[in-house]
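Written out below as structure tokens is the structure these notes cover.
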Amino acid sequence: QVQLVESGGGLVQPGGSLGLSCAASRSIFALDTMGWYRQPPGKQRELVARLGSGGSINYAEPVKGRFTIFRDNAKNTVLLQMNSLKPEDTAVYYCRVAFLGRVYWGQGTQVTVSS
């Protein structure tokens, strides 16, 4: 089992920056993949960024060049730095990890981009 605790959401103006953090209850070296997804109001959940077990990184097209996913191994944490935020980035953001064939989700954190 893996427990995930997210933090860092909030309200930010367009063009601003925000960082999200997802702390895992076990070493992230043991995890297969780690990533961030989001669910905008009235829409389905979608991939934002993902770290593969082999070191690969994938970003959704709308966030390329603005968002960065990275890991802090010492703190068993995966982070998402979001820059140049747009109103269309407004969503509930979820951390997701895969471990031994199972998928685990965080509780979600709200990000609102508005003036």
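The values are calculated or read from the model by the stated rules, or taken from the named source; none is laboratory data. In this text, all values refer to a predicted model and were calculated from it rather than measured experimentally. Heads up, the Cβs are rebuilt from the backbone with ideal geometry, glycines too, and the neighbour counts pull from every protein chain shown. Side chains are part of the model used for accessible areas, which takes the heavy atoms of the whole protein and leaves out ligands, DNA and RNA. Shrake-Rupley method; radii C 1.70, N 1.55, O 1.52, S 1.80 Å.
Just to verify a result, which residue in the stretch 6-32, among those that are within 13 Å of the chain's Cα centre (by Cα) and within 12 Å of VAL97 (Cα to Cα), is most open to solvent (accessible area, probe 1.4 Å)? The qualifying residue most open to solvent (accessible area, probe 1.4 Å) is ALA23. Annotation for the stretch 49-57: at least one member residue is part of a loop (DSSP other than H, G, I, E, B), of a type outside the set (Phe, Trp, Tyr), free of Cβ contacts under 8 Å to residues at least 24 places away in the same chain and touching an Asp or Glu at 6+ places or on another chain (Cβ under 7 Å). For the stretch 57-102, filtering for residues that are under 14 Å from SER25 (Cα atoms) and among the hydrophobic types (A, V, I, L, M, F, W, C) leaves 6. Look at the stretch 1-19: where a residue is under 11 Å from GLY106 (Cβ atoms) and a partner is charged (D, E, K, R) and modelled with pLDDT under 95, sitting 6+ places away or on another chain with Cβ atoms under 6 Å, you get VAL2/ARG26. Among the residues of the stretch 61-115, those that are in contact (Cβ under 8 Å) with a residue 60 or more places away in the chain, assigned to a loop (DSSP other than H, G, I, E, B) and either open to solvent by less than 60 Å² (accessible area, probe 1.4 Å) or on the phi < 0 side of the Ramachandran plot (or both) comprise ASN83, LEU85, LYS86, GLY106, GLN107, GLY108, SER114, SER115.
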